[in-house]
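Since the structure comes first, as structure tokens, the remarks are kept for the end.
The values are calculated or read from the model by the stated rules, or taken from the named source; none is laboratory data. Bear in mind the structure is a predicted one, so any value in this text is a computation, not a measurement. Here the Cβ positions follow ideal geometry from the backbone for every residue, glycine too, while neighbour counts run over all protein chains shown. Just the protein is used for accessible areas: all its heavy atoms, side chains included, with ligands, DNA and RNA removed. Shrake-Rupley method; radii C 1.70, N 1.55, O 1.52, S 1.80 Å.
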Amino acid sequence: LSVAVTTADSMMEPYSYTTPSPDGQYLFVMIAPGTIDQDAGRKVEAFATEIRQIRERYTVSGMYRNDGSTTPLWTFDGYVYCVEPLSDGIHIVVPGPWAMSTEDAACTFYANGQLVQRYEVGDLVALPWLMQHTASHFFWRDDTSLDDAAKTYSITTKHGERYTFDIATGRIIRSFSPITWTIRIIVVVLVAVVAIYVYRWKRRRALPVPARGRP
């Protein structure tokens, strides 16, 4: 259970969930704020039962060994709707929730519960106002992928922008923006057209004016 559920164009209330690492050796636990009854309340029975089981076993958010241990290797402050843990038990990626502004988080990287790097939607999307909007938010992310072995995380936007991040450092190691390249090509073409025009204009001015013959 690790995906935020949305209804009626609004975010679901925070809820407790767990997410195993790709190799199954570690378990990231997220504990929602509030009491168990507030956490499990107004949820369908199966969902509420799972939440209660999590709250009865774990008391704080963080990374645990996935062997039944209830002592966290490290803890996590705050609440996020989704976490992608790595198999090293150290690093996690937090994808941003749906965006209501360009200042909302696009993705955030942590190591041992400490912030490494955070990117806003505006850092990755060139023309957010052209994205599909609803009454409360807009859709900017098309796909994501995590390479556990290489420790990289990739994002593709709705406009075809692609970014690959080094999870350990949070740095962008590869990027491509079709919008940026299109703008660059247009600028190069315009510069070339202007250069050709100026060259021809100067050449015409440099040509000698033919002398007029006598009538």
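For this structure, a couple of remarks:
- Test for Ala150: is it farther than 17 Å from Cys82 by Cα, at pLDDT 95 or above and exposed (fewer than 15 other Cβ atoms within 10 Å of the Cβ): yes
- For Val116, the conditions (1) assigned to a loop (DSSP other than H, G, I, E, B); (2) at pLDDT 75 or above; (3) touching a Ser or Thr at 6+ places or on another chain (Cβ under 8 Å) all hold with the exception of (1).
- Residue identified as acidic (Asp, Glu), open to solvent by 40 Å² or more (accessible area, probe 1.4 Å) and at pLDDT below 95 among Asp77, Asp67, Asp123: Asp123
- Tyr17 being open to solvent by less than 60 Å² (accessible area, probe 1.4 Å), under 27 Å from Ala150 (Cβ atoms) and touching a Cys at 6+ places or on another chain (Cβ under 9 Å): yes
- Scope segment 134-169; condition under 19 Å from Val94 (Cβ atoms) and of a type in the set (Phe, Trp, Tyr); matching residues: Phe139, Trp140, Tyr153, Tyr163, Phe165
- Output for segment 81-106, where each listed residue is within 23 Å of Thr152 (Cα to Cα), open to solvent by 30 Å² or more (accessible area, probe 1.4 Å) and of a type in the set (Val, Ile, Thr): Ile90
- The residues of segment 168-215 that are modelled with pLDDT of 75 or more and not in a helix (DSSP H, G or I), listed by number, are Ala168, Thr169, Gly170, Arg171, Ile172, Ile173, Arg174, Ser175, Phe176, Ser177.
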